[in-house]
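The structure appears right after this line, and notes come after that.
The values are calculated or read from the model by the stated rules, or taken from the named source; none is laboratory data. The shown structure was predicted, so the numbers you read here are calculated from the model rather than taken from an experiment. Cβ coordinates were reconstructed from backbone atoms using ideal geometry, including for glycine residues, and neighbour counts include every protein chain displayed.
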Amino acid sequence: MRVFDSIPARRPARGTALRCFAFALLASPLAALAESAESPGLQLRAFRATAPIRVDGLLDEAIWQEAEVVALAYETAPGENRPAPIATTCRLLYDSERLYVGCNAADPHPEEIRARFTDRDQAYDGDFVGVRLDPFLDRRRSFEFYVNPLGVQMDLFRDDLAAERQGGDDSEDISWDALWDSAGRITAGGFEVELAIPFSSLRFPPGSAAQTWGIGFSRVRPRRDRLELASEPFDRNRNCSVCQLSTIAGFAGVTPGRHLELDPTLTIQRAERRAEVPDGPLEAGEVDVEAGLTATWGVTPDIILSGTVNPDFSQVEADALELDVNQQFAIFYPERRPFFLEGADIFTTPFQVVFTRNVADPDWGAKVTGKRGASAFGAFVAEDARTSLLIPGSQRSALAELPFASTNAVARYRRDLGVNSALGVVATSREGSAGGAGGDYSNQVAGLDGLFRLGAVDSLRVQALGSRTEYPDEIVHDYDQPAGALSDHALYVSYNHDSRNWRLSAAYEDIGRDFRADLGFLPQVDRRYGKALAERTWWAAPEAHWIRFSLGVDSARTDDQAGDPLERLNELWFIFRGRRESTIFTQVADRERTIGGRTFDELYVEGQAEIRPSGALELHLGWNIGDDVDLEELRPAEQVTLSPGLSWSPGRHLRAELEHRYQRLTIDEGWLFTAQLTELRLVWQFNLRSFARVILQHRDLARDADLYSTPVDETSRRLFSQLLYSYRINPQTVFYLGYSDTELETDRFDTLPTDRTLFVKLGYAWLP
């Protein structure tokens, strides 16, 4: 998701070459000269509070009158730095322990304020206001804190250097959570909020002298338009966000201290599982009681050490709805576990060589992250009781699991260059042993990467990697992998021009046949990939019935290392942004794919549309219609994929989300299969701290068995359900009580329960 939409959306660009990497090193001094270190924003002062402040959402303490008043004077979206049409003011004070922010958001129609009780980080679709902080004043990274009119907290970490990573285009990490206090209330003239952010929840340079931080205040007011207001203008011809913040001087004598946090957890679980389907019995397991501990210690004000023993990594959240039928490569699922999310931005590189969900069941782990001056670094090690592998290829990927534990380690260092460029190194290692004659397993990856800003809108991103892998005998035999040690390379380069009206990019990627990044997510190897892209954006006049329109075209080519073609792809698309938070994206694609020695010509149309006709209702629809390939039998096919959905929030407490995905594949002889996925989520939020939630996921797959050369089930159904009660005081002090089960049905058996789980989880954040 993107919290603020002032920056035009970007698509990731991939590729590199070694000579370009060398060129980038030579160009980096020029990049540093091309960038401006000065912000166009305000120069503010921070004043020390001389009286206590009670965080109750009422700016009624006299001490608030001693703070400097900051007006959110600019409309940055949909308008372009127009005078804000509605008044918002914020104030900032501090004492020896906390930073205090108070904001008054005027609204002539307070009955239209969009605010509901939600779990934390779930209120970005409504009204909110908050502050952005860049304590190191490095113009690259910011801690951001927002509050909705009812006091719901939202926080995130932004890293502008990660904005163009492989597999995503968003610099916002909403998984980052801090411990802080907030309150909000709706008034007759709008709403007010107060925030109290402990300095121990921030990181900044040590020292007793006064400091200068980057700062910005922001407000979102969604009505007919999603109105975004800010305390400083936003230049759409600069491809960075944090670099445009204002500055604030003060904070003499404050320090984050050596923050120590202990998070003990207790999980009690009772599971019933059917080892053999359908004939095996549903076996009840013993009550499993697991105690764990995670500790976080600020070794210095800018270095964080964390460790965990017997951590509870149970998935309270169900993975997003996905159809895995007729997929050529493995599906990516995001990380949700707090230990791995802490400081995750530092481990981001163009190639995703660190994908921590591969560490499936760790017994223990340790991590260190930090920033000192121009240097950012991180490392972790974890012992995993399960060793899962993604076996990549040029045309397919497969998933495997080894029957022994593995040791996983990652080291990362990044050096800031100039104002908004960086050079980094990364290394990963996975090792395990089958014992006996089964052979050992190991995988190591190491390499360099860099991002070089060549001006306000131009950038060069590069990466060069090498890997060494040894598979045990069962992987060699079962997955037809080479025996002995495998060594190979991965190279990447991309040039990007991202301005107000134009987005241009060129990319090249080279991944060797034997390259493996087993601790990452690279489902395709043995490829050489090149792509060129151009997109033009037109912006509407202030009172027009639309906001912006983009038209783009790209062309890509992929060959294997032998020079044989894998894919040719040409795309033409348009993006329309209108009122009522409406978006229409449509793309026509002409693709030629070679799979298993056969070449297929495909022409298809895909896209998505969304609109919010009212504050309570959001509708969306995705589609993909046209030519496809039946990957099981390698024959041409036609597909229709439709993905409608809605979210409905009547009142302050209830939220309902309904998602459906329909996919139909047809060949000349008739329809091959129809797959449907439906998910219903119902959440009743009692207050800021507790909610009850029901999740139902139904998967229905129907096949025409006569059209397959091997026996298949004509019908296959799966029903997953989960009931959860949550009480959360802060991100680590939590209580969960939940139940989940799964039922299957095929031609061979009627509806059959396969697993049932009842669990209780207790977590506590202790700050001694």
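For the reader, a short list of remarks on this structure follows.
- Residue in the range 548-558 that is within 25 Å of the chain's Cα centre (by Cα), under 30 Å from E383 (Cβ atoms) and either among the aromatic types (F, W, Y) or in a strand (DSSP E or B) (or both) present: no
- Some residue of the range 652-670 being touching an Asp or Glu at 6+ places or on another chain (Cβ under 8 Å), at pLDDT 95 or above, closer than 13 Å to T118 by Cα and not aliphatic (A, V, I, L, M): no
- Residue in the range 680-687 that is surrounded by 15 or more Cβ atoms within 10 Å (Cβ to Cβ), modelled with pLDDT of 90 or more, under 25 Å from the mean Cα position of the chain (by Cα) and farther than 26 Å from G651 by Cβ present: no
- Evaluating L719 against the criteria (1) touching an Asp or Glu at 6+ places or on another chain (Cβ under 7 Å); (2) outside any loop (DSSP other than H, G, I, E, B); (3) more than 23 Å from F749 (Cβ to Cβ) leaves one unmet condition, (3).
- Scanning the range 92-111 for residues that are in a strand (DSSP E or B) and charged (D, E, K, R) yields one hit, R98.
- Only one entry of D449, D416, D478 meets the criterion of being out of contact with any Leu (no Cβ under 9 Å at 6 or more places or on another chain) and not hydrophobic (A, V, I, L, M, F, W, C), and that entry is D478.
- Across the range 67-82, the number of residues qualifying as small (G, A, S) and outside any strand (DSSP E or B) comes to 3.
- Within the range 198-210, the set of residues being buried (at least 19 other Cβ atoms within 10 Å of the Cβ) and over 24 Å from the mean Cα position of the chain (by Cα) comprises F199, S200, F204.
Here's the yes/no breakdown for (1) closer than 30 Å to N496 by Cβ; (2) at pLDDT 50 or above:
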position	(1), (2)
F21	yes, no
L33	yes, no
S36	yes, no
A49	no, yes
A62	no, yes
A71	no, yes
N81	yes, yes
L92	no, yes
E97	no, yes
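- Count of residues meeting criterion [buried (at least 17 other Cβ atoms within 10 Å of the Cβ) and in a strand (DSSP E or B)] in the range 384-397: 6
- Selection count where residues are closer than 20 Å to I197 by Cβ and either at pLDDT 95 or above or charged (D, E, K, R) (or both), scope the range 120-139: 10
- Single unsatisfied condition, A446 versus (1) within 26 Å of R357 (Cβ to Cβ); (2) in contact (Cβ under 8 Å) with a residue 24 or more places away in the chain; (3) not acidic (D, E): (2)
- Tally of residues being under 19 Å from G393 (Cβ atoms) and of a type in the set (V, I, T) across the range 451-492: 3
Conditions tested, residue by residue: (1) in contact (Cβ under 8 Å) with a residue 60 or more places away in the chain; (2) aliphatic (A, V, I, L, M); (3) surrounded by 18 or more Cβ atoms within 10 Å (Cβ to Cβ).
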{"site": "A507", "(1), (2), (3)": "yes, yes, yes"}
{"site": "F521", "(1), (2), (3)": "yes, no, yes"}
{"site": "G530", "(1), (2), (3)": "yes, no, no"}
{"site": "A544", "(1), (2), (3)": "no, yes, no"}
{"site": "L551", "(1), (2), (3)": "no, yes, no"}
{"site": "S555", "(1), (2), (3)": "no, no, no"}
{"site": "F576", "(1), (2), (3)": "no, no, no"}
{"site": "A589", "(1), (2), (3)": "no, yes, yes"}
{"site": "R612", "(1), (2), (3)": "yes, no, yes"}
